[in-house]
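Engineer: Please read through the structure below; I'll follow up with questions.
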Amino acid sequence: MIQQNHKRGLWATRMGFILAASGSAVGLGNVWKFPYITGQNGGGAFVLVYLICIALVGLPIMLAEFTIGRKTSLNPVGAFYELRPGTPWVGIGFMGVLAGFLILSFYGVVGGWTLAYMVNALTHSLDQFTNPAEAGKFFGSFIGNTGEVIFYHAAFMGLTIAIVIKGVHGGIEKACEILMPTLVLMLIILMIRALTLDGAMEGLKFYLYPDFSKLSGEAILLAMGQAFFSLSLGMGAMITYGSYLPPQENLTSATLYVVLFDTLIALLMGLVIFPAVFAMGLEPTGGPGLVFSVLPAVFTGMPLGWAASILFFILLAIAALTSAISLLEVVVAYFIDQKGWERKKAVLTMGLVIFAIGIPSGLSFGLLAGFKPLGMNFFDHIDNIATNYLLPIGGMMTAVFVGWIWGTEEAHKEIERHETTFRWAAYWEFVVRYIAPVAVAIVFITKIIPSS
Ligand code: TRP
């Protein structure tokens with residue numbers, strides 16, 4: 001295998017790395033997906049299961065991925081190959097690259113929606129609704145419009161390609177440094193607005209009070225898939241980002257920052273959406289359109305709603321972009337490291353292929369809406385395969401690999417290579433070896449048994 005490290009690039013600063021990794025983690029998964037699957041799966045109890053998955057599975061696997069990346073300075077395929085050459089473990093790397101392909105294919109579609117909404121906000125189309133149903137109808141007709149959906153999907157992929165072409169430091173790191181703090185500020189403003197709506201309390205209760213009777217086995221699988229998706233785990237994105245780290249970085253604190261930040265944004269977003277959903281008399285089970293139809297209705301009724309709608313959708317688009325970048329980067333890093341391609345060729349070719357694969361997902365709510373093999377449209381199938389299967393399996397195998405094959409001792413040495421003692425080493429070693437792999441396995445088994 002060809003490994004040309006000089007072509008790869010490095011993060012310039014520690015802060016830049018943390019922001020880029022947070023930029024990967026914080027995205028549509030937090031702002032768009034977390035609220036709608038929480039809404040569809042009963043609220044509070046789902047949130048609790050999600051948080052448990054973050055602590056027991058997400059956190060240890062993120063550190064495992066960063067460690068593999070920094071140790072090898074390679075893409076996921078190259079990394080597993082280097083640590084255990086000639087063994088099937090390299091398969092985890094290939095699965096990761098495949099997951100990157102699939103996720104970006106539908107992620108780019110939703111990224112396109114955010115761009116379209118940004119434009120709609122600017123042109124005053126989003127602060128004119130007299131009731132939330134109108135906002136929902138607007139969303140429904142937009143996602144069914146073939147021309148517009150494909151246009152914005154292409155625009156979003158074009159932006160992603162343009163940033164990734166510029167490389168790690170010049171493109172990715174710079175883009176993330178401005179956005180992340182602004183996003184938090186904006187969410188806090190929206191949260192205050194949502195919480196002061198009449199009827200907000202019902203929403204808070206739904207969101208924060210765990211009613212376990214509403215929790216299904218399926219929901220637990222979804223919570224775990226969501227933990228992987230939201231933290232960008234299970235497909236080597238964090239291996240790839242870790243591979244651009246200079247050796248002196250502190251991996252453990254970086255992991256804690258990224259996990260906390262990502263979780264905070266998701267939880268905040270719930271505090272925006274659910275009070276608003278209940279205050280407007282909508283159903284929390286609205287699905288993928290939830291954020292797109294509820295928020296415009298909130299904007300319409302609030303002072304400076306126009307400005308808020310613009311700012312929100314700009315930020316959402318950028319949050320989506322900083323995540324899409326990391327998905328493309330995994331695929332690109334593989335072609336650069338393993339196949340010796342130039343960055344430019346890798347980015348352009350793969351960006352276009354992924355866009356093309358995404359087209360049927362983009363049409364799933366319009367032209368192809370009737371095409372539902374096994375009861376799900378194309379978009380939902382790709383999301384389901386990648387998020388609920390490839391990511392958890394990839395994450396479980398990564399935990400097994402670090403815990404048992406490469407070994408926590410070696411990993412521990414890498415974590416402490418240039419830094420002070422790893423204080424929560426005992427917790428980490430235990431969860432990485434036992435809890436994370438077993439938790440993922442149990443969730444799969446319980447998922448398979450009741451449905452068979
Ligand atoms: N974490 C991102 C989000 O929440 C999506 C994402 C980016 C991702 N890179 C990933 C998901 C790698 C899984 C794997 O929107």
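Engineer: Can you list the HN-Hα couplings for region 433-445, worked out from phi with the Karplus curve (6.51, -1.76, 1.60; θ = phi - 60°), rounded to whole Hz and with x for Gly and Pro?
Structural biologist: 7, 10, 5, 4, x, 5, 4, 5, 4, 4, 4, 5, 5
Engineer: What order do TYR389, TYR152 take when sorted by accessible area (1.4 Å probe), most exposed first?
Structural biologist: On the way: TYR389 75, TYR152 35 Å².
Sorted by accessible area, descending: TYR389, TYR152.
Engineer: Right, something else. Please work out how much accessible surface TRP32 shows to a 1.4 Å probe, ignoring ligands, DNA and RNA, in Å² rounded to 10.
Structural biologist: Approximately 0 Å² of TRP32 is accessible to the 1.4 Å probe.
Engineer: So what does THR420 come to for accessible area, using a 1.4 Å probe and Å² rounded to 10?
Structural biologist: Spelled out: THR420, probe radius 1.4 Å, area about 100 Å².
Engineer: Ranked by accessible surface with a 1.4 Å probe, highest first, in what order do HIS412, HIS124 come? Before the final figure, lay out the partial values.
Structural biologist: Working: HIS412 45, HIS124 75 Å².
Descending order: HIS124, HIS412.
Engineer: Still on this structure, I have one more. Treat every Asp and Glu Cβ in the chain as -1 and every Lys and Arg Cβ as +1, leave all other atoms uncharged, and give the resulting dipole magnitude about the Cα centre to the nearest 20 debye.
Structural biologist: Working: 23 positive and 25 negative charges, 137 e Å.
The dipole magnitude comes to about 660 debye.
Engineer: Right, next: The chain: longest stretch without exposed GluC sites (Glu not before Pro) (DSSP loop, at most 14 other Cβ within 10 Å), sites themselves excluded?
Structural biologist: Values: sites that count: GLU342, GLU419.
It works out to 1-341.
Engineer: Within the accessible area of the chain, what % is carbon and sulfur when the probe is 1.4 Å and the other protein chains stay in place? Provide the component values of the computation, followed by the final result.
Structural biologist: On the way: 11290 of 16440 Å².
About 69 percent, which is the carbon plus sulfur part of the accessible surface.
Engineer: When the helix-only estimate is applied to the chain (DSSP H runs of n ≥ 4, each -39,500 (n - 2.57), divided by the residue count), what is the mean residue ellipticity at 222 nm, nearest 500 deg cm²/dmol?
Structural biologist: Numbers: 21 runs with 308 residues, N = 452.
The helix contribution divided over the chain gives -22000 deg cm²/dmol.
Engineer: Let me ask you something else. Can you find, among GLY86, ASN131, TRP306, the residue farthest towards the positive end of the dipole of the chain? Put +1 on the C-beta of Lys and Arg, -1 on that of Asp and Glu.
Structural biologist: GLY86
Engineer: In addition: How big is the gap, in Å, between the Cα center of region 358-391 and the Cα center of region 219-287?
Structural biologist: Between the Cα centres of region 358-391 and region 219-287 lies a distance of 22 Å.
Engineer: Could you report the chain's accessible area per residue, 1.4 Å probe, as an integer in Å²? Numbers along the way, then the final one.
Structural biologist: Details: 16440 Å² over 452 residues.
Ligands and nucleic acids excluded, the result is 36 Å² per residue.
Engineer: Would you rank ARG433, ARG423, ARG417 by solvent-accessible area, highest first, keeping every protein chain in place and using a 1.4 Å probe?
Structural biologist: Values: ARG433 65, ARG423 215, ARG417 105 Å².
Order by accessible area, largest first: ARG423, ARG417, ARG433.
The values are calculated or read from the model by the stated rules, or taken from the named source; none is laboratory data. The model shown is predicted, which means the values in this text are computed figures rather than measured ones. Because the Cβ atoms are built from the backbone with ideal geometry, glycine has one as well, and the counts that use them run over all protein chains shown. Heavy atoms of the whole protein, side chains included, go into the accessibility calculation; ligands, DNA and RNA do not. Shrake-Rupley method; radii C 1.70, N 1.55, O 1.52, S 1.80 Å.
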